[in-house]
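Chemist: Please find one structure pasted underneath; my questions will follow.
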Ligand SMILES: [Zn+2]
Ligand SMILES: [Zn+2]
């Protein structure tokens with residue numbers, strides 16, 4: 001079974017997802033927002049083995065927990081990021097832009113690209129490039145489970161900001177139309193902030209689309 005644990009962490013209330021194949025106990029962390037020790041504890045309590053960190057994008061509120069997780073595990077999990085967000089990662093996810101201080105995170109060592117297939121136990125996730133909020137933003141889509149982790153591209157009845165460096169409104173709308181709204185209505189959308197939604201609900205109710 002694919003099990004997802006949602007931990008809402010940090011001052012921007014970011015959803016960090018601990019996802020596991022309960023048969024193999026292999027797990028990934030999608031967007032460790034902050035408080036990496038809390039994510040680690042949650043995994044260890046369940047005997048889940050974190051093998052990778054998958055980043056939807058490199059904003060500071062999605063990467064703050066990386067150091068604690070990587071330093072707390074042996075072997076160290078991979079850190080997966082799209083190359084077009086590397087510049088953002090290198091500046092601590094734009095923390096300074098918000099007047100925040102943040103220590104540099106360990107470097108990503110696994111490059112994500114469009115249409116790549118990532119394996120988590122028996123489950124496959126397709127990487128979908130969806131720029132607009134940031135240039136290197138990606139979505140993680142599990143077709144078998146009709147489930148998508150969509151970071152800050154789309155939220156319940158809302159969409160991601162496009163006023164930050166590297167953002168572009170028209171690009172974001174196009175990403176949603178081509179990478180999300182092409183999926184079945186039942187597809188669950190697990191966003192970087194706020195409650196879960198679905199493709200069908202957003203198709204009808206999202207005021208930006
Ligand atoms: Zn963001
Ligand atoms: Zn965010």
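Chemist: Among the residues of the stretch 1-42, how many are over 13 Å from the mean Cα position of the chain (by Cα), surrounded by 21 or more Cβ atoms within 10 Å (Cβ to Cβ) and more than 12 Å from residue 65 (Cβ to Cβ)?
Modeler: Going through the stretch 1-42 one residue at a time, the tally reaches 2.
Chemist: I need every pair where a residue in the stretch 55-82 that is touching a residue at least 12 places away in the same chain (Cβ under 8 Å) has its Cβ under 6 Å from the Cβ of a residue that is more than 16 Å from ligand 1 (Cβ to nearest atom) and in a loop (DSSP other than H, G, I, E, B), sequence separation at least 6 or different chains.
Modeler: Partner pairs satisfying both residue conditions: 65/35; 70/76; 70/106; 78/109; 79/108; 79/109; 81/108.
Chemist: Now, a different point. In the stretch 54-77, is there at least one residue being farther than 22 Å from residue 162 by Cα, within 16 Å of ligand 1 (Cβ to nearest atom) and part of a helix (DSSP H, G or I)?
Modeler: yes
Chemist: Determine the pairs where a residue that is farther than 22 Å from residue 53 by Cα, located within the stretch 92-111, has a partner that is in a loop (DSSP other than H, G, I, E, B) with Cβ atoms under 8 Å apart, the partner being 6 or more residues away or on another chain.
Modeler: 97/164; 97/165
Chemist: If we keep just the residues of the stretch 163-209 that are touching a helix residue (DSSP H, G or I) at 6+ places or on another chain (Cβ under 9 Å), under 21 Å from residue 10 (Cα atoms) and part of a loop (DSSP other than H, G, I, E, B), which is farthest from ligand 2 (Cβ to nearest atom)?
Modeler: Taking the candidates together, the pick is 164.
Laboratory data are not the source of any read-out in this text; all were calculated from the coordinates shown. These numbers come from a predicted model, not from an experiment. When we count neighbours, we look across all protein chains shown, and the Cβ atoms used for this are built from the backbone with ideal geometry, even at glycine.
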